[in-house]
Every structure is written in C-alpha cells, then in structure tokens.
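A.B. asks: Below you'll find the structure I mean.
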Amino acid sequence: MDAELQQRIFAEARAEASRRTYPDGFPALPEIPGGRYTSAAFRELERAHVWRTSWLCVGREEDLPEVGSYVLFDKLGAPIILVRGRDRKVRAFFNTCRHRGAPVVSGRAGCARLLRCQYYSWAYDLDGRLLQAPDEYDFAALDKDARGLIPMGCDTWGGWIFLCEAPETSLAEAWGPLFREWECMGMDRMRITAQRSDIIRCNWKAAVDAFQEIYHINTLHPSSVGGLLNSSAAAIGLLPGGHSRLVAMLKTADQERPVTTGLSIPGLPELHRRTSVAYAGFPNLITPFGSAGLHFLLFWPRGVGECEMQTIGLGVDWGEGPTPDAWRQAEAAFDHVLDEDIENMSKIQASLESGAFTGMMLGYRERKIYWMHEHLDARIGRERVPPGLAVPPRLGAYAETESRSAAQAGA
C-alpha cells in the first residue's frame, strides 16, 4: 500500500477521534427505505441486475487441486460447475447438459476426466466441448462444436475464484481498486485456516450492514473487539464501484496489533500492523484483515428475509502438519464475534418486517452503508426502482479515485 495513502488514513483516523460536530459541508444522508429489506419486487430487481452482472467471489483455487477437480456452486440458484482444466485454468459452466438439461456432475465436489451427463451419458471435455453423444447418428442436426456446455464468466486473483454470469467489465477493472490495496497481503501464498456457514434469518443487506461500521462495537462486542478498537478513531474510504475501506485505530494507540498465532505476514505495511483494516467488496463481501491472516465473509440471499453467511479464513502457511492450536484459538475468538453479530441480525429482521420501521437513519460513520445502497440502485437502474424505495445519490463527490487520493496526499 502506498506510503502517502497510509499517512493520510492515519491522519484522518486521528482527526476523527477528536471530532465532536457533524463535518462541515457533508450532506445529511436521506433515510434508506425499510422496504428495500422486505420487498419481493426489490429482491427480483437485485436478482436480475445485481447478482447477474457483478463479479462475485465464490471460493479458493485450492478447492480445485488437480486437473479435473470440480466443485458445484449453487448459492444463487442456478447450478454452476467450477472445474480445473488440463491447462490448469479454472473455468465455470452451467451444470446443464445441452441434450435435455440433466446435470453433468452429481455431488458437491469430485474429480473426473470428462464431465458426463448423469442421464444420457453425453460427455464433455474439461473445457466444456462436447466430445461424445451416444447414438450420435440419431441426431440429424447435431453440431458438436456448437453444443458445448454454456460457460459463465470466470477469473481468479490472489488464489480466489470469481464468477459473473453477465460481465459488463473485466474482473481486474471491477475489483482493481481493492486488488491494488490487497497485494501486500500475499493471499495467493496463504492457506485456508477455517470455514463455516451460517443461515441467518435476515435480508442479506441487513447482514452486510452489520459489518460496514464499528459504531456498534462498544454495545454489542464490549468484551471482544470493543475492548481492542477505538470506535471513534476510524477513517472511511469510499472506493469506485461500490467498494469501501474502514480503518480503525487501536485503543492502545501507537502500538502494533497483537499476533496470537505466532506468525505474521512478511512485509506487512505499517497501517495493517497498527490498525484494524476491513474492506467491503460490492455487493456481498466483507473482509477484515489481521497481521497473520484475514477472513472473507460472503453473504448470499436465500429469499427476502433469509441469507447465508459463508466464512473462509486464510492465514500464513505454517508448513507441514495439522492446523496449529494457536490458529484454532484465534479462529474461536473470531467465531465468538460472529456469533454475537448473528444473534442480533435475526432480531433486526423481525423489526424490519413489523411495519413499525419506516427507514434507516444513518450517521456520518455509517456512510459506507449508504454508498453500497447507492450502487445497488445504479446497478439496477434508478428508473427501475419502485416508488418509495430509491436511495438518492449523495456521495459520489466523496469517493476516492487515484487522482483524488494523490491530490489529497499532496494537500
């Protein structure tokens, strides 16, 4: 991470610690309509215009260790096969045979030389080409070159796999603002430390909202992160594409974060060693960084009032043998924080659906939430958002760009 950017973030966080008035000139944020969390019509707009066109992180390359390794991804409804080809490249296809629509793999994961239809034995190569159709002579118009598996946009970065059904930009363009800041973590050299999945009775946006600010930590997490972080001393960066950054100072200012695993990421920038840094990747990723690793929290809709939170922990490679006890203890502490948040989320959804909730009032330190909602409407198309559910754009002038960051650093 750029040294000038780090110093600017430090300065902003320290200034925030002493701020006692609303920032001069910053707009008051309109209420976010409560119906965005309960409307079936709004959910359908998200399905059509957000989930189909966004680059989504769906897992790790290490889940596909060998040529022919495959896993099934179906968290958004349509079953998708992720498979490692003979050229070692990861590709994605709809799990739908081009004959009569039967699945071409069964089970959640496996390894195969060919992707073979479970119904009629049509067989596809690992790059999706149709190779074999039993009794091929019975199909007068069969063109095998034109009947391959239907692909989905698939790319990788830092050991992560990303999918997009209808990409409008490349992964590098869509996620570049984050990737440039994440390079220092060396994610491609890390290994999975823990995984968990939680079904939460709340709208996926309500779950993401909970991790977009630290205003709540003294109340909800007094004995965990509330004892570590200064909730007032936080610097927020609104990044292009709906992404964002939140950096919080430690209560023990000017000290480094404790490393409980005994391992740390080599060459980690000062900002990451002395603060808590977390990013939001549009639309559904939250990733808090640590000195020895990080977590990807992925939120998947399961209807209007329910979602899945998928958690993947990554850490510095410890070499041979099972996960060290220190890692297990660190993951248990992180799980405790997640459990505190999850318990609160279901209660919030009940209030959202009660009819008593009219809209969400946000403070200055919660502006990352508003930024995400602005971009949801932009992706949907503001003209498509039902009356009474739109979020007026207010924050574009406050977004960081490379040129704006350079100008601020030199100011």
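The values are calculated or read from the model by the stated rules, or taken from the named source; none is laboratory data. Please read these numbers as outputs of a predicted model, since none were measured by experiment. For neighbour counting, all protein chains shown are included, and Cβ atoms are generated from backbone atoms with ideal geometry for every residue, glycine included.
To keep it simple, each residue is scored yes or no on (1) polar (S, T, N, Q); (2) within 29 Å of residue 71 (Cβ to Cβ); (3) outside any helix (DSSP H, G or I).
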{"site": "163", "(1), (2), (3)": "no, yes, yes"}
{"site": "169", "(1), (2), (3)": "yes, yes, yes"}
{"site": "184", "(1), (2), (3)": "no, yes, no"}
{"site": "207", "(1), (2), (3)": "no, yes, no"}
{"site": "215", "(1), (2), (3)": "no, no, yes"}
{"site": "218", "(1), (2), (3)": "yes, no, no"}
{"site": "245", "(1), (2), (3)": "no, no, yes"}
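A.B. asks: Could you tell me whether the range 49-69 includes any residue that is of a type in the set (Phe, Trp, Tyr), part of a strand (DSSP E or B) and under 28 Å from residue 303 (Cα atoms)? If you could, list the steps in order and put the result at the bottom.
C.D. replies: Kept after step one, since they are of a type in the set (Phe, Trp, Tyr), are these residues of the range 49-69: 51, 55.
Keeping just the survivors that are part of a strand (DSSP E or B) gives none.
Within the range 49-69, none of the residues are of a type in the set (Phe, Trp, Tyr), part of a strand (DSSP E or B) and under 28 Å from residue 303 (Cα atoms).
A.B. asks: May I pose another question? Output yes when any residue across the range 212-227 is modelled with pLDDT of 90 or more, crowded, with 16+ Cβ neighbours inside 10 Å and out of contact with any strand residue (DSSP E or B) (no Cβ under 7 Å at 6 or more places or on another chain), and no when none is.
C.D. replies: Initial filter on the range 212-227 (modelled with pLDDT of 90 or more): 212-213.
Retained after the next criterion (residues that are crowded, with 16+ Cβ neighbours inside 10 Å): 212-213.
This time we only want the ones that are out of contact with any strand residue (DSSP E or B) (no Cβ under 7 Å at 6 or more places or on another chain), so: 213.
The answer is yes, given that some residue of the range 212-227 is modelled with pLDDT of 90 or more, crowded, with 16+ Cβ neighbours inside 10 Å and out of contact with any strand residue (DSSP E or B) (no Cβ under 7 Å at 6 or more places or on another chain).
A.B. asks: Let me ask another. Hey, any hits in the range 334-343 for a residue that's in contact with a Gly (Cβ under 9 Å, 6 or more places away or on another chain), in contact (Cβ under 8 Å) with a residue 24 or more places away in the chain and surrounded by 12 or more Cβ atoms within 10 Å (Cβ to Cβ)?
C.D. replies: Taking the range 334-343 and keeping what is in contact with a Gly (Cβ under 9 Å, 6 or more places away or on another chain), we get 334.
In the following step, the residues that additionally are in contact (Cβ under 8 Å) with a residue 24 or more places away in the chain were identified as 334.
When the remaining residues are screened for being surrounded by 12 or more Cβ atoms within 10 Å (Cβ to Cβ), the result is 334.
Within the range 334-343, one or more residues are in contact with a Gly (Cβ under 9 Å, 6 or more places away or on another chain), in contact (Cβ under 8 Å) with a residue 24 or more places away in the chain and surrounded by 12 or more Cβ atoms within 10 Å (Cβ to Cβ).
A.B. asks: Something else about it: Mind checking which pairs have a first residue in the range 76-98 that is under 26 Å from residue 299 (Cβ atoms) and a second that is among the basic types (Lys, Arg) and modelled with pLDDT of 95 or more, Cβ under 9 Å, 6 or more apart or different chains?
C.D. replies: That search, which allows pairs on different chains as well, returns 76/47; 76/52; 77/47; 81/91; 82/91; 83/91; 90/84; 91/84.
A.B. asks: Quick check on this structure: which one of 377, 335 is closer than 19 Å to residue 41 by Cβ, of a type in the set (Asp, Glu) and either within 24 Å of the chain's Cα centre (by Cα) or part of a helix (DSSP H, G or I) (or both)? Give the derivation first.
C.D. replies: Numbers: 335 fails: closer than 19 Å to residue 41 by Cβ.
Exactly one residue qualifies, and that residue is 377.
A.B. asks: Can you pull out the residues in the range 134-171 that are touching a residue at least 24 places away in the same chain (Cβ under 8 Å), touching a helix residue (DSSP H, G or I) at 6+ places or on another chain (Cβ under 7 Å) and among the aliphatic types (A, V, I, L, M)?
C.D. replies: Answer for the range 134-171, where residues must be touching a residue at least 24 places away in the same chain (Cβ under 8 Å), touching a helix residue (DSSP H, G or I) at 6+ places or on another chain (Cβ under 7 Å) and among the aliphatic types (A, V, I, L, M): just 161.
A.B. asks: Additional query: Which pairs turn up if I take residues in the range 7-20 that are over 14 Å from residue 250 (Cα atoms) and look for partners that are surrounded by fewer than 17 Cβ atoms within 10 Å (Cβ to Cβ) with beta carbon separation below 7 Å, at least 6 apart in sequence or on another chain?
C.D. replies: These pairs meet every condition: 8/408; 8/409.
A.B. asks: OK, next. Scan the range 120-143 residue by residue and report those that are under 30 Å from residue 61 (Cβ atoms) and not small (Gly, Ala, Ser).
C.D. replies: Within the range 120-143, 122, 124, 125, 126, 127, 129, 130, 131, 132 qualify.
A.B. asks: Can I ask one more? From the list 255, 195, exactly one residue is of a type in the set (S, T, N, Q) and in a strand (DSSP E or B). Which is it? Walk me through how you get there before you give the answer.
C.D. replies: Details: 255 fails: in a strand (DSSP E or B).
Every option except 195 fails the conditions.
A.B. asks: Take residue 240 and decide whether it is surrounded by fewer than 20 Cβ atoms within 10 Å (Cβ to Cβ), modelled with pLDDT of 90 or more and either under 29 Å from residue 396 (Cβ atoms) or assigned by TED's automatic domain parsing to the domain that holds residue 19 (or both).
C.D. replies: Numbers: surrounded by fewer than 20 Cβ atoms within 10 Å (Cβ to Cβ): yes; modelled with pLDDT of 90 or more: yes; either under 29 Å from residue 396 (Cβ atoms) or assigned by TED's automatic domain parsing to the domain that holds residue 19 (or both): yes.
Against the criterion (surrounded by fewer than 20 Cβ atoms within 10 Å (Cβ to Cβ), modelled with pLDDT of 90 or more and either under 29 Å from residue 396 (Cβ atoms) or assigned by TED's automatic domain parsing to the domain that holds residue 19 (or both)), residue 240 qualifies.
A.B. asks: List every residue pair whose Cβ atoms sit under 7 Å apart, with the two residues 6 or more apart in sequence or on different chains, where the first one lies in the range 278-303 and is in contact (Cβ under 8 Å) with a residue 12 or more places away in the chain and the second, anywhere, is outside any strand (DSSP E or B) and among the small types (Gly, Ala, Ser).
C.D. replies: 282/54; 282/241; 282/242; 283/54; 283/242; 291/264; 292/264; 299/207
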